[in-house]
1. Pick out the long, greasy-scoring helices in chain B: whole DSSP H runs spanning 18 Å or more along their own axis by Cα, mean Kyte-Doolittle at least 0.5.
2. Given R₀ = 22 Å, FRET efficiency for C:Ile134-C:Phe260 by Cβ-Cβ distance, to 0.05?
3. So which residue, out of B:Gly118, B:Gly200, B:Gly232, gets the largest mean-square fluctuation from a GNM of chain B using Cα contacts under 10 Å as springs?
4. Counting other C-beta atoms within 10 Å, which of B:Ser191, B:Ser160 has the fewest, and how do the rest follow?
5. Quick check: convex hull over the Cα atoms of segment C:152-306, volume per residue in Å³, rounded to an integer?
6. Could you list log10 I(q)/I(0) for segment B:25-255 at q = 0.07, 0.11 Å⁻¹, which the Debye formula gives when each Cα is one point scatterer?
7. Average partner chain C-beta neighbours within 10 Å, per residue of A:72-84?
8. Of all the C-alpha pairs in the protein assembly as shown, what % are more than 49 Å from each other?
Amino acid sequence: MAEPLLELRNLRKAYGALVVTDNVSLSVTPGELHAVIGPNGAGKTTLIHQISGMLPSDTGSILFGGEDITSLPMPQRVRRGLARSFQITSILPGFSALENVALAVQARSGSSFRLFGKAAQEKNLNDPAMECLSQVGLAARAHVPAGLLSHGEKRQLELAIGLATEPKLLLLDEPLAGTGHEESLRVVETLRRLKGRLTIVLIEHDMEAVFALADRVSVLVYGRVLATDTPGRIRENPDVRAAYLGEEELV
Amino acid sequence: MTELVQTEPSPAPSLGTRVEIVPIFLFAAFAAAPLLATVSGAEGYVLSLLTRVMIFGIAAMALDLILGYGALVSFGHAAFLGLGGYAVGILASHGIDDALVQVPVALAASALFALVTGAISLRTKGVYFIMITLAFGQMLYFLATSLAAYGGDDGMTLPSRSLVAGFSVLKSDFTFYWICLLCLLGTYAFSRAVVASRFGRVLRGTRDNATRMEAIGFRPFRFQLTAYVISGMMTGLAGCLLANQAEFVSPAFMTWQRSGELIFMVVLGGLGSLHGAIIGAAAFLLLEEFLPEILHAASFFLSDEVRDHLAENWKMVFGPLLILVVLFARGGIMGLLRRPRHG
Amino acid sequence: MTATLLFVQALNGLQFGLILFLIAAGLTLVFGVMDFINLAHGVQYMVGAYLVAAFSAWTGSFGWALLLALPTALAFGLLLEAIVFRHLYDRDHLDQVLATFGIILFLNQGVKFVWGAAPLSVPVPELLSGSVEIASGLLYPVYRLAIIAAGLVVAILLYGLVNHTRIGMLVRAGASNAAMVSALGVNIQRLFMVVFGFGAMLAGFAGAMVAPILSVEPGMGDNILILAFVVIVIGGIGSIRGAFLAALLIGLVDTLGRSFAPNLLRLVLDPAAASQTGRAIAPMLIYIFMAAVLFFRPSGLFPVKR
């Protein structure tokens, strides 16, 4: 197997006596779409926060492209190619969709201390931004203030912003959360197109989407990794069925 | 905090152009005012009042740059007025009375103070930031009161207005007025450019959602600190002008009430439009100037004694007015100009 | 000689620190529980002083005046809460700052309107006038000792109240997680009102206690408000314990700094320069102290966990 792009070693995060992620070890190989599933409260979002650098980890280490990034702040992780989306949509509502993405382009183009020149009219920022919007199918809505987009469109915008940082690895925190059926099909379609070009860690509740997209699936229960395997074998895994899938079936 | 300001150009172009008329009209009014002042007969009074308006306009606009575009509530901005003023005063008292030396020194001092206090204050968030900037402002105030050699509590009178390259051009109130207008126009144009630039866009983005900005690779601290330094320097420039206008500097330049008034000006005019801050400064100073008379006139039905008492205590009206603006007129004057009146 | 002076100044610092604590306690609770920044807290201190001045002129007794001033200060606080503050809880900090700044403008002028601009003085109560010998040959005013005692008693009561009563538990819980408290079915509105009124009364009490030793004048609350801010920022916003320690620290640093900075500087500078620099630096000491604390601990000494 190839050298992993992202490797988690014994990551742990606790709030007082409440252990949210416990001894999580995981490796993500380049180019794969790695889904992390688990019941509510399993610690999935906390794990994403730890990987992206929003939350410090208590113990353990995170290796990205072979480099130990455990103590790097979020912006520096982003610059190394580790981007994320948010579960609760986190965009700049007053900025147009294009500007939201153009800012991400600007972030990696370096020179953000320019005090002159109208940023909104810079072609070398707007063109790549437009390209990212097209990839998620939002090009037609580029000039709409992001706050006025529909919920599904905001989810797509999140994705476009993540893409604009030119990541090696994209962490997606429930990109389908709260989307309608049509919208969710569109996001799944976009993810399918991105798959292979980009390494993706996907956290998702929609099992249908997960099993359709993922190369490998890790199951997180009570902060621990129960199993990591191909979708097919995860489906068959008795522990997983007992801890998680069975529960779903009961509902 | 996300709803703090609405700065983005509205999609409807008619509104956008209508707002652009305001700054043009504003500067035209400032340019025409000296002519009217000559006609009015009370030329000295009108000129000095309007000069003050422009100077405070620069300071308020500088504050708007970080408050309206960066959501940084600095409650110690009067300190920079004091720094500018004292740079002029202290240098003048040592015989260095040329603005070409004084202004760079004032700007450098403001930048340094902003850099040091900003670096500490910006490590904190929200309400801590407000209190810490307040405390740093107060620190400078007490320093000024204890400078016995430079007048202490009482402040110091300048021997004369600053020279410019050896010439005493500022002596004439008219020339000084034009210089102030030039400074106002210059800082306005500069601020407009900054706000629209790459830098300004990051600053605005940070105001709306700092976490998002970090998640795309920006470190907000650096941008906020740079903006704080720029704003401090612009306010320092206003301090230089203010000292020259009054031909006097004192710790009163930098009381924390003065810092509060600067915020009031920005909010009164409307956050995050730059010219709104100038309008706010004008509204504030004109109100301060004429409220006693307005009160006196409006209370014609009361006895003379009560009317005098009322006019004397005009500040009692000022406070509630501020509360009303906060509670009911969030967008300030620019907000009223921007949106059509309801009902 | 220097040792006695040091002792007297330390007592003065302690007394000043305790007054600061009375003001900071209310401020830090109001902020901690309601996430509300109240600039008008300083004028509530001023109002306390004016109330005691007015009541003692009327009754001729400081004791009665204090007894009347406290409920009046409380009522006044509740009135302000109902008229202005209540409408600002869900606003951002900028709005709160501005509106409470408006209250300061109004009240500073308001007391001038009612009592005139000239400072009022309140006689030291008969019973507590005079001085006692606290060490051989060292006289110290009884009234200042009384302030120290009162301050300590209030601090102990407050500690008991916050740590060992139901309402105290709610206040502590509210400071760390207001949403949770309201989820428990507590009437947050009423809790806010109680905390607010209580804070106003504490500030009023501080003002009343210092009225006999300071001049009662418009704007007297303004500078002490900033000091109270410094105290709660150093102590950690929302923490009573932090406010107590920080208030004593600030009281001591400020008082001792003012009297000893010139002397200490004399060790490294010539006397004239030392006295000038000393007088310039002394009032800045607490701010430098604050900056140093924040540089190492951006959320103060005792951050309340959120």
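We did not get these values from a lab; they are worked out from the coordinates using the rules stated. Everything quoted here is computed from the prediction, not taken from an experiment. Cβ placement follows ideal geometry from the backbone for every residue including glycine, while neighbour counts extend to all protein chains displayed.
1. On the way: long enough: B:13-40 (39 Å, 1.42); B:43-67 (35 Å, 1.66); B:78-93 (22 Å, 1.65); B:99-121 (31 Å, 1.92); B:126-145 (29 Å, 1.60); B:173-196 (34 Å, 1.37); B:220-246 (38 Å, 0.80); B:256-269 (20 Å, 0.80); B:275-298 (31 Å, 1.23); B:315-328 (19 Å, 2.42).
Both cut-offs are met by B:13-40, B:43-67, B:78-93, B:99-121, B:126-145, B:173-196, B:220-246, B:256-269, B:275-298, B:315-328.
2. Working: r = 20 Å, r/R0 = 0.91.
Here the calculated transfer efficiency is 0.65.
3. B:Gly200
4. Details: B:Ser191 23, B:Ser160 13.
Ascending number of Cβ neighbours within 10 Å: B:Ser160, B:Ser191.
5. Numbers: hull volume 21.1 nm³, N = 155.
Hull volume over Cα atoms, normalised by residue count, gives 136 Å³.
6. Scattering profile of segment B:25-255, log10 relative to I(0): -0.24, -0.57.
7. Details: counts 0, 2, 8, 10, 3, 3, 5, 4, 1, 1, 1, 3, 2.
For peptide A:72-84, the averaged partner shielding equals 3.
8. Numbers: 120297 of 404550 pairs.
Looking at the protein assembly as shown, the distances longer than 49 Å represent 30 percent of pairs.
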